[in-house]
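Participant: Just passing along the structure, written as structure tokens.
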Amino acid sequence: MKLKKLLALALAGVLMLALLTGCSGGGTEEDRLVAVGVADLFKGNSQNVEVSYSVPALTRTIRPAFTPDWFLMTPEGIIDGLDENFPIDAGQTLKGFLENSLKAYEQSNFVSFVAFDSTGMSALQQVERFSSGAPAIRVYYKDVSPTVNTKLCVGVCHKTVEGREYCLIVIVRAC
């Protein structure tokens with residue numbers, strides 16, 4: 001019982017710290033809580049990782065262009081991933097659009113874009129959805145051990161389209 005109380009107190013402290021530190025880039029409290037949760041998943045037990053919670057291209061370029069049409073759908077209407085080949089502009093696919101939008105990070109070890117329907121989900125549920133394999137596109141990747149990464153950047157924002165809310169995430173890992 002005491003362990004549960006201590007855990008609840010520790011979680012409350014982490015959430016309060018996340019709220020007090022604010023979110024660079026003008027995001028909401030929900031954006032920040034999801035970003036902190038995703039960063040914690042990537043950091044694991046490592047204490048030597050510098051974390052940033054801002055990916056300007058996410059809110060400036062990717063969010064305005066996002067549409068649910070980017071998702072691959074099963075015949076039953078269930079989201080089955082992101083369509084890398086979805087045409088954004090004449091001759092440009094979703095993968096190419098993301099590469100261009102996130103070009104500032106192309107020398108990083110790992111850059112990924114994640115999107116999922118987050119309608120009605122709490123921040124914690126969104127982190128759980130992310131960790132259970134939400135639809136993603138690997139934008140840039142270098143085959144290096146994750147343990148060499150000393151910098152982590154997580155950007156999170158949300159977009160509502162036709163009454164549905166979508167969580168958009170960019171993760172950047174570098175050394």
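Participant: Would it be correct to say that residue 71 is farther than 18 Å from residue 166 by Cα and of a type in the set (Phe, Trp, Tyr)?
Facilitator: In short, no.
Participant: Provide a single number: the residues in the stretch 100-113 that are in a helix (DSSP H, G or I) and either surrounded by fewer than 17 Cβ atoms within 10 Å (Cβ to Cβ) or among the aliphatic types (A, V, I, L, M) (or both).
Facilitator: 3
Participant: Give the stretch 151-175 a look and list any residue that's under 17 Å from the mean Cα position of the chain (by Cα) and either among the basic types (Lys, Arg) or part of a loop (DSSP other than H, G, I, E, B) (or both), or say none.
Facilitator: Those that are under 17 Å from the mean Cα position of the chain (by Cα) and either among the basic types (Lys, Arg) or part of a loop (DSSP other than H, G, I, E, B) (or both): 151, 159, 173.
Participant: What are the residues in the stretch 151-161 that are open to solvent by 60 Å² or more (accessible area, probe 1.4 Å) and either at pLDDT below 95 or in contact with a His (Cβ under 6 Å, 6 or more places away or on another chain) (or both), if any?
Facilitator: Within the stretch 151-161, just 151 meets the criteria.
Participant: Just to be sure before I move on: is residue 48 open to solvent by 70 Å² or more (accessible area, probe 1.4 Å), assigned to a helix (DSSP H, G or I), among the polar types (S, T, N, Q) and over 15 Å from residue 155 (Cβ atoms) in the structure I sent?
Facilitator: Answer is no for this residue.
Participant: Additional query: I'm trying to understand the selection: among the residues of the stretch 81-110, which are without any contact (Cβ under 8 Å) to a residue 12 or more places away in the chain and of a type in the set (D, E, K, R)?
Facilitator: 89, 103
Participant: Filter the stretch 133-152 down to the residues that are closer than 13 Å to residue 113 by Cβ and out of contact with any Leu (no Cβ under 6 Å at 6 or more places or on another chain) and list them by number.
Facilitator: 134, 136, 138, 140, 141
Participant: Could you check, for the stretch 19-36, whether at least one of its residues is part of a loop (DSSP other than H, G, I, E, B), at pLDDT 95 or above and β-branched (Val, Ile, Thr)?
Facilitator: Within the stretch 19-36 (the criterion being part of a loop (DSSP other than H, G, I, E, B), at pLDDT 95 or above and β-branched (Val, Ile, Thr)), the answer is no, since none of the residues qualifies.
Participant: Regarding residue 116, is this residue open to solvent by less than 50 Å² (accessible area, probe 1.4 Å) and either aliphatic (A, V, I, L, M) or outside any helix (DSSP H, G or I) (or both)?
Facilitator: Yes.
Participant: For the stretch 120-150, enumerate the residues that are open to solvent by less than 50 Å² (accessible area, probe 1.4 Å), touching a Phe, Trp or Tyr at 6+ places or on another chain (Cβ under 9 Å), closer than 19 Å to residue 63 by Cβ and not in a loop (DSSP other than H, G, I, E, B).
Facilitator: Hits for the stretch 120-150 are 126, 130, 137, 139.
The values are calculated or read from the model by the stated rules, or taken from the named source; none is laboratory data. Everything numeric here is computed off the predicted structure, so don't read it as measured data. Because the Cβ atoms are built from the backbone with ideal geometry, glycine has one as well, and the counts that use them run over all protein chains shown. Note: areas computed on protein heavy atoms with side chains; ligands, DNA, RNA excluded. Shrake-Rupley method; radii C 1.70, N 1.55, O 1.52, S 1.80 Å.
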